[in-house]
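Undergrad: Below is a structure I'd like to ask you about.
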Amino acid sequence: MRLNHYLFALLFLTLAACKQKPAFSGYSIQKSIVADSAIVSTAHPLASEVGLQVLKDGGNAIDAAVAVQLALAVVYPVAGNIGGGGFLVYRSGDGQDVAALDFREKAPAKAHRDMYLDAEGNVIEGKSIEGHLAAGVPGSVEGCWQMYQKYSQLKDWKRLVQPAIDLAEKGFRITESEANGLNEYKRGFIKNNTKACVFVKKDTSEIWKTGELLVQTELAETLKRIRDQGRDGFYRGKTADLVAAEMQRGGGWITAQDMTDYHAVWRKPMLGKYRGYDLISMPPPSSGGIALFQLLGMVEHHSFAKSGFHSPAHIHLFTEAERRVYADRAKHLGDADFYSVPVASLVDSQYIQQRFANFDPNKATPSSGIEGGEFTGKESKQTTHYSIVDAEGNAVAITTTLNAGYGALTVVGGAGFLLNNEMDDFSAKPGVPNLYGAIGGDANAIVPGKRPLSSMTPTIVTKDGKLFMVVGTPGGTTIITSVFQVITNVIDFDMDMTAATHAKRFHSQWLPDELYLEKGATNEATRKKLQSMGHKVVEWSGIGQVESILVRKDGKLEGAADIRAKDDAVMGY
Ligand code: GLY
């Protein structure tokens, strides 16, 4: 071959190679948007895009939510899921219909109160966190099916499932965060899977790189069964059998019968008030609605905004309210289908005032003087929230989770989806903390068929009968305090949705008796003042990952995606 022919061939091959494999330059990600008609805010740009397209094709917010939930199960495996569960809070555009759907996981029939204890009655470390025994019976597909049956406008289930199938079958480019997550959890995936797992490379020494294509063929086949058979494509037949077979291989307890028996429940949403605004949030088995309303009730009679955003007085007041509310959470809250949760008493305004009557504006109350024992807390962010408003003003707030990052780290062999480790949200033993440092007792003890207590707080706020805000976040026990702060940032500190969502946050939860301040949340003088009042201040990295939507005074929608996570993306039109 002559030299110029050789060079030409080389150039051609290089160009062809470039054409085949364009370098991945990342997704286009917006953290804030103002739109006329509709907004979708989720943890991943591909999921937001899927939801937005459903809305543009004539779907309503529920149609978009179904498509987003399934797409997130593919593109955001750290928390998006079909093997987990969650909660929907819904309000129709005309305000005539408000609803709450509980598609939380359930303890399998074989589960029992002491299933995570050894012969001496001590909690066996990790048993409720990794592997087959950590999983509850998944609820997300039933959740999608129920909300579709009740509210879909498109009435085309297959259309809503198909985008997730395409993403799983053709693959998608993983972001830097996803590559890092998959690499970080490699050891856990290897340990907790009975069959080759799509999240670990064949050559296990190889790592995931940003922009690599992740193809999930088995997940695509499961999604096709869901597309073709609806909820039965998951809870009966091949998928249920694959779950049961996986459990047998790995020593787990979920049976095909547990799958068939799973049902989601439409519950009466929690309705509350704060400074002339109306709130709709999640009842038990989430602690979110009750705790949020208690917090708002305790601070409502204090004019904390006057003292300034993140002033010592503001942070002290909120921390003191949180101390009392999380003590109530540990004592009284669990699945109300199994335990008599005193819901009305807990949110009664007289009770709330009396509970806060010993608040001292100058001094921290030691948590030990309020209730309970000590423990070490850990925070995990790995749940996900999405907020959607459609052109009719229908609003959807959904928080959904596998619990910890990538759940139990166990993929159902042949079905390609990750199982949750939601059993850890039960109280394995009274007074012993779970993954989030939360403790509990009888109210949240394990019982077959019961749902573990959650902190998820999908919330919708209205004003004068009109939609005002849609908000929610992941973050374990920090969910409640993050939602609390975003709402008060807007109502009390007059922030717009973006500022309220992106503002630094702080968190406390009774025990451990510590006040967590996000890096940069306060200046040194404020920190010192809080310490002098008796708070044990600890610096934390990102608290929460909020996706939110506000209806502005001019009628336009403002959507925000949290800046704490790189991939969260808001879109609208
Ligand atoms: N798994 C976290 C929660 O439900 O609060």
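Where a number appears in this text, it was derived from the coordinates with a stated rule and is not lab data. Model, not experiment: these values are computed from the prediction. Ideal geometry is used to build each Cβ from the backbone, glycine not excepted, and the neighbour counts take in all protein chains shown.
Undergrad: Rank 347, 264, 330 by how far each Cα sits towards the positive end of the charge dipole of region 259-357 (+1 on Lys, Arg Cβ; -1 on Asp, Glu Cβ) and give me just the farthest.
TA: The listed residue farthest towards the positive side: 347.
Undergrad: Shifting gears a bit: Tell me the angle of helix 237-250 to the major Cα principal axis of the chain, expressed in degrees between 0 and 90 and rounded to the nearest ten.
TA: For helix 237-250, the angle is close to 70 degrees.
Undergrad: If you keep only loop residues by DSSP, which GluC sites (Glu not before Pro) in region 282-343 have at most 12 other Cβ atoms within 10 Å of their Cβ?
TA: Answer by residue number: there is no such site.
Undergrad: In the neighborhood of residue 492, defined by Cβ-to-Cβ distances under 15 Å, what is the net charge if each Lys or Arg adds +1 and each Asp or Glu adds -1?
TA: Values: positive: 273, 275, 306, 463, 505; negative: 300, 494, 496.
That sum, taken over residues with Cβ under 15 Å, equals +2.
Undergrad: Another question, then. For region 149-227, what class follows from the C-alpha gyration tensor (a ≥ b ≥ c being the square roots of its eigenvalues): rounded when a/c is under 1.5, otherwise prolate if a/b is larger than b/c, else oblate?
TA: In terms of gyration-tensor shape, prolate.
Undergrad: To the nearest 0.05, how large is the calculated FRET efficiency for residue 353 and residue 263 if R₀ is 45 Å and r is the Cβ-Cβ distance?
TA: For R0 = 45 Å, the calculated efficiency reads 0.70.
Undergrad: Could you tell me what percent of the DSSP beta bridges with both partners in region 496-573 are antiparallel, to the nearest 5?
TA: 65 percent
Undergrad: Please identify every one of the GluC sites (Glu not before Pro) in region 90-182 that sits in a loop by DSSP and has no more than 13 other beta carbons within 10 Å of its own beta carbon.
TA: Of the GluC sites (Glu not before Pro), the ones in loops of region 90-182 whose Cβ has at most 13 other Cβ atoms within 10 Å are 120, 125.
Undergrad: Straight-line reach only, C-alpha to C-alpha below 17 angstrom: list the aspartates and glutamates that residue 191 could link to, leaving out same-chain residues fewer than 8 apart.
TA: Correct list for residue 191: 125, 130, 203, 206, 246.
Undergrad: Could you work out the relative contact order of region 100-211? I mean the mean sequence separation of Cα pairs under 8 Å and 6+ apart, divided by the number of residues, in percent.
TA: Here the relative contact order equals 24 percent.
Undergrad: Same structure again: Just report the Cα centroid separation between region 238-283 and region 406-435, whole Å.
TA: Using only Cα atoms to place each centre, the spacing works out to 13 Å.
Undergrad: Given an 8 Å cut-off on Cα distances and at least 6 residues of separation, report the relative contact order of the chain as a percent. Before the final figure, lay out each step's value.
TA: Numbers: 1387 pairs, mean separation 139.5, N = 573.
Relative contact order of the chain: 24 percent.
Undergrad: Can you pull out the trypsin sites (Lys or Arg not before Pro) in region 63-137 whose DSSP state is coil and whose Cβ has at most 14 other Cβ atoms within 10 Å? Mind dumping the intermediate values first?
TA: Numbers: sites: 91, 104, 106, 110, 113, 127; in loops: 104, 110, 113, 127.
Taking region 63-137 and a limit of 14 other Cβ atoms within 10 Å, the loop trypsin sites (Lys or Arg not before Pro) found are 110.
Undergrad: Something else about it: With unit charges on the beta carbons (Lys and Arg positive, Asp and Glu negative) and the dipole taken about the Cα centre of region 497-573, which residue among 512, 563, 538 sits farthest to the positive side?
TA: 538
Undergrad: Counting helices only, and only those DSSP H runs with n ≥ 4, report the 222 nm mean residue ellipticity of the chain as the sum of -39,500 (n - 2.57) divided by its residues, in deg cm²/dmol to the nearest 500.
TA: Rounded to the nearest 500, it is -10500 deg cm²/dmol.
Undergrad: For the Cα atoms of the chain, what angle does the longest principal axis make with the long axis of helix 3-20, in degrees from 0 to 90, nearest 10?
TA: For helix 3-20, the angle is close to 40 degrees.
Undergrad: Angle between the Cα long axis of helix 478-491 and the longest principal axis of the chain, 0 to 90 degrees, nearest 10?
TA: Helix 478-491 and the main axis of the chain meet at about 70 degrees.
Undergrad: Identify all aspartates and glutamates with a Cα-Cα distance to residue 529 below 14 Å; exclude those on the same chain that are fewer than 8 residues away in sequence.
TA: Answer for residue 529, where 14 Å is the Cα cut-off: none of the aspartates and glutamates qualify.
Undergrad: Pairs 195/224; 31/209; 463/519; 155/268: which exceed 31 Å Cα-Cα?
TA: 463/519, as the Cα separations exceed 31 Å there.
Undergrad: Whole angstrom only: what separates the Cα centroid of region 63-123 from the Cα centroid of region 305-344?
TA: Distance between centres, Cα-based: 23 Å.
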